Each structure stands twice: as structure tokens, then as C-alpha cells.
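The numbers here are math on the coordinates, done by the rules we state, and not lab data. Fair warning: this is a prediction, and the values are worked out from it, not measured in the lab. For neighbour counting, all protein chains shown are included, and Cβ atoms are generated from backbone atoms with ideal geometry for every residue, glycine included.
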Amino acid sequence: MPELPEVETVRRQLEPEVVGRTIERAEVLDERWTRPEPPASVSRALKGRRIESVSRRGKYLIVGLDGGKALVMHLRMTGNLLLRPASSRAVADLMETDRLGGPRLYESEPDVSHLRARFELDDGSELLFTDVRRFGTGAVLDSDDLDEYLEPRAGIEPLTEALTAEAICELAAGRRVPLKSFLLSQTGVAGIGNIYADEALWRAELHPLSPAGSMRPEHCEALRQGIVEALELALANRGSSIDDYRDLRGDRGSMQDEFVVHTREGQECQRCGTEIRRIVVGGRSTYFCPGCQTRLRRRRRRRGRPARSGARR
């Protein structure tokens, strides 16, 4: 968390609000946010820059700036990007529970003590980067260096034509890692995290412990469809707010109300009625239905037949 749907929701909200605006002042309040670059140098690099675009690659949010620069941000586990309009209440009021929505599943709130960076825009509004666990990052790069920076960190965009059954099978070929771990690797299919890996595998009717390399073309196609369906539904619901995530306005997403397996341990599967189970895969809580999610077996490599004794050459 946040995953592709949450970051894309923020991107779609942010773009019309800030494109054309100028960053009058940038203040980095936590040196970990820009590490290894010093906060002061990042602040200086942003001051006076005009915002020209807002895009996304995987879980990365990219703010294109004039002068061939870009601010690249990653929310990691608990980061939030919030917009404070010029006419809004004080920062402390913005962070109060009544502004951020209903009851939370976990006790943590992005209040003012968790503010990591602040950007003042020329219309009087502010962008606030809050992060309870301080894993989020921000970096200023030359636009020409973006591809070099992102390619080893973000693979295929799943909501584009690049995600095909053939591409998934190619990525999975020979891999023994469980499908759940395969989906969490950002260098394969970008943007999928713990929540939507569970939701996609349920839709594909594939067990999370199946070896990635065990998939056949029909399994790869089912997985492609499962990924797209899970992500598109999450986008329609503005993401999932089961912990710290809030959108640009501080509001909760509602995808958590649409989960079919994630966090549904002990409940009946919507498809077959079997009780949903929870296991741990690669250190991550994983939810699945043992009744209708098929566990594939590792495919053995074909070997040449041994020559018969006395066979003609």
C-alpha cells in the first residue's frame, strides 16, 4: 500500500489542480525523504519550477517540471500526498479524523507530526507529503534520466496493451517462485502489491503457491484478465483505505468494500462457498480460496530419449 490504483487516483486528481502552477517554495522536513541527496539541494532544485505534467509509472508518481527536470515520488507503505487549497483550514485541521473519513482498521493517522515535505504553489495552495513510517521517497531527476531510473524499478504497465498473456508467460518461464511472489516483483508487472495480487489470483482461479513457471498459455491469459479486472475495479472505487491511504483530498477509497478474498479469512468464497484461508507467502499475508483456486504443479523439462542399445546410427 499504496498500489497502482491508489497512486493513479492521486495522479488523476492532482493533474488538473497543479499543471501550470509554479512551486514558490519547497520545504523538505525529513532528510530520509531525499536520501542520499541533501534536503536543501532538492528544495533549491524545485523552487521556482513550473509544473508541466503529472504522470505515473508503476507505483511512482512523476511531476514533470520546466527546465527538463522531474520530481519522482514513491508513497511506499504509508505515504500520502494531500492538497491543501488556499482557502482551506490550517494543516492541523486538514489532518483531523473527521476530514480524513470514517473509522480505520488500524490506529495510525497522518497528522502534522508525520509531515515530510511541503510545496507552496503560486495560487496559495500547498501539497503535503505525509508518511507515518517514513519509507516514502522524493528525488529530482533530469527528464532524460527518467527511463534509466525507472526501467530497473518498474516493469510492464498492466493497464496497457503491453500486458499480454504471452508477455506474462515469458516473464514466468522457468520461474519456481510462487505466483504471489511473482506478482509482487515490480520488475515484472508494475504496480501490483499485496492486495491486488490476492484479488487478481482469485479472479484467475490460481493458487498463490503455484510456481510461476507452471503456467500454460490459458493460465497466463486468465491471470492477465484477473489483473486488469482487479485494478480497474479498484480505480473505479478510488483505491483501498484499509490503513493509511487517503486520496489527494484526504478522503477514503472504497475498494476495501469490494474485496473478494483479501482480509476475508473465514468468510465464504463468493464463487464456490469454501472458507477463505490466510497463509504467509514471502513474508506477506495472503488470502485465497482453497476450493476454486487451482494449485499448479511445476512443469518438468522435457529431456531427449536415451538411445536404444544396438540402435542404428
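Net charge around Cys289, counting only other residues with Cβ within less than 13 Å of its Cβ (Lys, Arg = +1; Asp, Glu = -1)?
0
For every other residue with a beta carbon closer than 14 angstrom to the beta carbon of Gly20, add +1 if it is Lys or Arg and -1 if Asp or Glu, then tell me the sum. Don't jump to the answer; show the numbers that get you there.
Working: positive: Arg21, Arg49, Arg50; negative: Glu15, Glu17, Glu24, Glu52, Asp66, Asp122, Asp123.
Around Gly20, the surrounding residues sum to -4.
Which order do Met1, Met215, Met73 fall in if you start with the one that has the fewest other Cβ atoms within 10 Å?
Details: Met1 19, Met215 25, Met73 22.
By the 10 Å Cβ count, ascending, the order reads Met1, Met73, Met215.
Figure the gain on full extension for Arg216 and Glu52 (residue separation times 0.36 nm, minus the Cα-Cα span) and round it to one decimal in nm.
Extra length available between Arg216 and Glu52 comes to 54.7 nm.
Summing Lys, Arg as +1 and Asp, Glu as -1, what charge do residues with Cβ under 14 Å from the Cβ of Thr9 carry, Thr9 excluded?
Net charge around Thr9: 0.
What FRET efficiency comes out for Arg134 versus Glu24 if R0 is 35 angstrom and r is the Cβ-Cβ distance? Round to the nearest 0.05.
Details: r = 26 Å, r/R0 = 0.73.
With a Förster radius of 35 Å, E is 0.85.
Evaluate E = 1/(1 + (r/R0)^6) for Leu209 and Arg153, where r is the Cβ-Cβ distance and R0 equals 35 Å; express this FRET efficiency to the nearest 0.05.
Here the calculated transfer efficiency is 0.85.
Translational D (Stokes-Einstein, µm²/s) of the chain at 4 °C and 1.567 mPa s when Rh comes from the Kirkwood sum over C-alpha pairs? Intermediate values should be presented prior to the final figure.
Numbers: Rh = 21.0 Å.
Rounded to a whole number, D works out at 62 µm²/s.
Kindly provide the helix-only [θ] at 222 nm of the chain, computed as the sum of -39,500 (n - 2.57) over DSSP H runs of four or more divided by all residues, to the nearest 500 deg cm²/dmol? If you can, show how the numbers build up before the last one.
Working: 9 runs with 81 residues, N = 313.
Helices in the chain give a 222 nm mean residue ellipticity of -7500 deg cm²/dmol.
Which of the lysines could a cross-linker span from Lys180 if the Cα-Cα distance has to be under 30 Å and same-chain partners fewer than 8 positions apart are dropped?
Lys59
What is the angle, in °, between the Cα long axis of helix 4-18 and the longest principal axis of the Cα atoms in the chain? Nearest 10 is fine, range 0 to 90.
Orientation of helix 4-18: about 30 degrees from the principal axis.
For a quick check of your reading of the filter: which GluC sites (Glu not before Pro) in segment 158-208 sit in a DSSP loop and have no more than 14 other Cβ atoms within 10 Å?
Glu161
At a Förster distance of 30 Å, what's the computed FRET efficiency of Ala40 paired with Arg12, Cβ-Cβ distance as r, to 0.05?
0.40
Give, in whole angstrom and from largest to smallest, the semi-axes √(5λ) of the equivalent ellipsoid of segment 200-301, with λ running over the eigenvalues of the Cα gyration tensor.
In descending order the semi-axes read 27, 16, 13 Å.
Obtain the nm distance between the two label points defined at Arg284 and Ser254 by a simple spin-label model: each point lies 7 Å from its Cα along the Cα-to-C-beta direction.
2.7 nm
Using a basic spin-label model with each label point 7 Å from the Cα along Cα→Cβ, how many nm lie between Glu265 and Lys69?
Inter-label distance under the simple model: 4.7 nm.
Unpartnered cysteines of the chain (Cβ-Cβ under 4.7 Å counts as a partner)?
Cysteines of the chain left without a disulfide-compatible partner: none whatsoever.
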